[in-house]
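What follows is one structure encoded as structure tokens, with my remarks underneath.
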There are 2 protein chains.
Amino acid sequence: MPEPRFRRRKEDRPQEITEAALAAFAEKGYAATKVDEVAKRAGVSKGLLYLYFKTKEDLFKAVIRSFVVPKIDELTAIIDSSELTSEEFLRGPFLDFVKTLPGSPISVLVRLMISEGPKHPDLLQFYWENVVSRGLVALNVILERGIETGEFRRCVVHDLPHLFVMPVLFSVIFKLLFEKHCPDTDQLIEAQIDLLIAHMKGEIE
Amino acid sequence: MPEPRFRRRKEDRPQEITEAALAAFAEKGYAATKVDEVAKRAGVSKGLLYLYFKTKEDLFKAVIRSFVVPKIDELTAIIDSSELTSEEFLRGPFLDFVKTLPGSPISVLVRLMISEGPKHPDLLQFYWENVVSRGLVALNVILERGIETGEFRRCVVHDLPHLFVMPVLFSVIFKLLFEKHCPDTDQLIEAQIDLLIAHMKGEIE
DNA sequence: TCACTTGCTGACCCACGAGTCATTAACTAT
DNA sequence: ATAGTTAATGACTCGTGGGTCAGCAAGTGA
């Protein structure tokens, strides 16, 4: 009895295809990745891929949406389930979380957003609303909590939670481009957080 | 007497073409830019472009090289011609210089490097040696000078001059992607420099 | 077992854009 | 003037890759 030439698995296909696409985009970038190549990686014909995704661009958007949102959900879940003080939280779970980002598959998505984002305003909108904005809000919650409990004094940092994100973005990109010359990203991120906390706790200069 | 159909201007063509290419790449990215389009912008035929640049990739590399090096030369020139203390220098000329970067045509090159860099290792090598590395060295010079004169105490910042560059890269990218939601990049950069200087001057916590 | 639905295939089409080259016309030197 | 040189043109080729579709075979139900 011969193995069937293929199996019908309508349920699993989309995820298998987006996973293959993520891997392919990661290696070659969006433009240089051929749809045929993605299909091959997913063990599927090009025709089938086009049954699930109308165009290559459509596939791209699906990739972004499906991998990035779970990641930010992770962060907000950590926050909600935590009873730590703000400083403990920033030095503990938050630090651990952001340290994992450079070098993870997620960093690939950042590169894709930078490369292709400007061509897809709707995607940028989505990314803003569901990732960046939510991340900044989450940080604000922590920082405000820190003021209420008297841990932190109010200062410029509370208007610029971006200061906490900077080293992560920097590390992701630096590692991507200059792996060989990249500083210890854990140390970089940690140093920045130390700096910020010291400033928020610190005496008025 | 009719205007000549074209003029022979061997000397000026390469620069005119790279300028046109920079503008085109800025708008559409590398892959989506057609060579024909670059030629049109430069007021030149595609054939001529191929007289000066062997391939599209060759043109791309020329663009990076010719616009990015002068910019870093600018920075090192400022350093050499300055007799200020380290703090004055960082808060004065250095701050002014980096503030101009987000939103300048140079920021486009950063995006191009991120998008296309991984496909061109030799270009990355060039960029590292002639831009990033030189920039970091320049910063180190300033910071060391600050220690010698007793302005600064030695701390983690001296091992991570990257901390000064982070907000610039962050601003460039943030502005590029989320113009609408972008914080005041001047303020962000300034805040980071304040933070770092305070820490370097500061009492041991 | 047989008709029927539908997930899946892969050969095909064709727009598109990188790179070529035979030809032209602007300069130059004598 | 005029012959020689070369900057410059633009119509062409040709590989490539996104997208299609007629047909096939795995599942389904009676």
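For B:H181, the criteria (1) more than 15 Å from B:L95 (Cβ to Cβ); (2) open to solvent by less than 30 Å² (accessible area, probe 1.4 Å); (3) touching a Phe, Trp or Tyr at 6+ places or on another chain (Cβ under 7 Å) hold in every case but one, which is (2).
Name the residues in segment A:195-205 that are assigned to a helix (DSSP H, G or I) and surrounded by fewer than 17 Cβ atoms within 10 Å (Cβ to Cβ), would you? Steps first, answer last, please.
Going through segment A:195-205, the residues assigned to a helix (DSSP H, G or I) turn out to be A:195-201.
Selection gives A:A198, A:K201.
Residue by residue, here is whether (1) in the same structural domain as B:L188 (by TED's automatic domain parsing); (2) within 16 Å of DNA strand C (Cβ to nearest atom); (3) modelled with pLDDT of 95 or more holds:
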site	(1), (2), (3)
B:T55	no, yes, yes
B:I79	yes, no, no
B:S82	yes, no, no
B:K99	yes, no, yes
B:L112	yes, yes, no
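Look at (1) more than 10 Å from chain B (Cβ to nearest Cβ); (2) open to solvent by 30 Å² or more (accessible area, probe 1.4 Å) and you find that A:I142 fails only one, number (2).
Within segment A:145-171, if we keep just the residues that are in a helix (DSSP H, G or I), of a type in the set (A, V, I, L, M, F, W, C) and more than 10 Å from chain B (Cβ to nearest Cβ), the residue that is nearest to B:L195 (Cα to Cα) turns out to be A:F164.
Could you check, for segment A:28-45, whether at least one of its residues is assigned to a helix (DSSP H, G or I), within 25 Å of B:V108 (Cα to Cα) and out of contact with any Cys (no Cβ under 6 Å at 6 or more places or on another chain)? Reasoning before the result, please.
At the first step, the residues of segment A:28-45 found to be assigned to a helix (DSSP H, G or I) are A:28, A:35-41.
Still in the list and also within 25 Å of B:V108 (Cα to Cα): A:28.
Then keep just the ones that are out of contact with any Cys (no Cβ under 6 Å at 6 or more places or on another chain); that gives A:28.
Yes, segment A:28-45 has at least one match.
For segment A:88-121, a tally of residues being open to solvent by 40 Å² or more (accessible area, probe 1.4 Å) and in a helix (DSSP H, G or I) returns 8. Output the residue which, of all residues in segment B:33-56 that are within 14 Å of DNA strand D (Cβ to nearest atom) and within 14 Å of chain A (Cβ to nearest Cβ), is farthest from B:D12 (Cα to Cα). Ranking the qualifying residues of segment B:33-56, first place goes to B:K34.
Give me a count of the residues in segment A:150-178 that are among the small types (G, A, S) and buried (at least 16 other Cβ atoms within 10 Å of the Cβ).
Count: 1.
Every listed requirement among (1) touching a Pro at 6+ places or on another chain (Cβ under 6 Å); (2) within 16 Å of DNA strand C (Cβ to nearest atom) is met by A:A42 save one, (1). If I filter segment A:1-39 down to residues being open to solvent by less than 60 Å² (accessible area, probe 1.4 Å) and among the polar types (S, T, N, Q), which single residue comes out as farthest from DNA strand C (Cβ to nearest atom)? Among residues in segment A:1-39 that are open to solvent by less than 60 Å² (accessible area, probe 1.4 Å) and among the polar types (S, T, N, Q), the one farthest from DNA strand C (Cβ to nearest atom) is A:T33.
The values are calculated or read from the model by the stated rules, or taken from the named source; none is laboratory data. Everything quoted here is computed from the prediction, not taken from an experiment. A quick note on method: Cβ atoms are made from the backbone with ideal geometry, for glycine too, and the neighbour counts reach across all protein chains shown. What goes into the accessible areas is simple: the full protein's heavy atoms, side chains included, and nothing from ligands, DNA or RNA. Shrake-Rupley method; radii C 1.70, N 1.55, O 1.52, S 1.80 Å.
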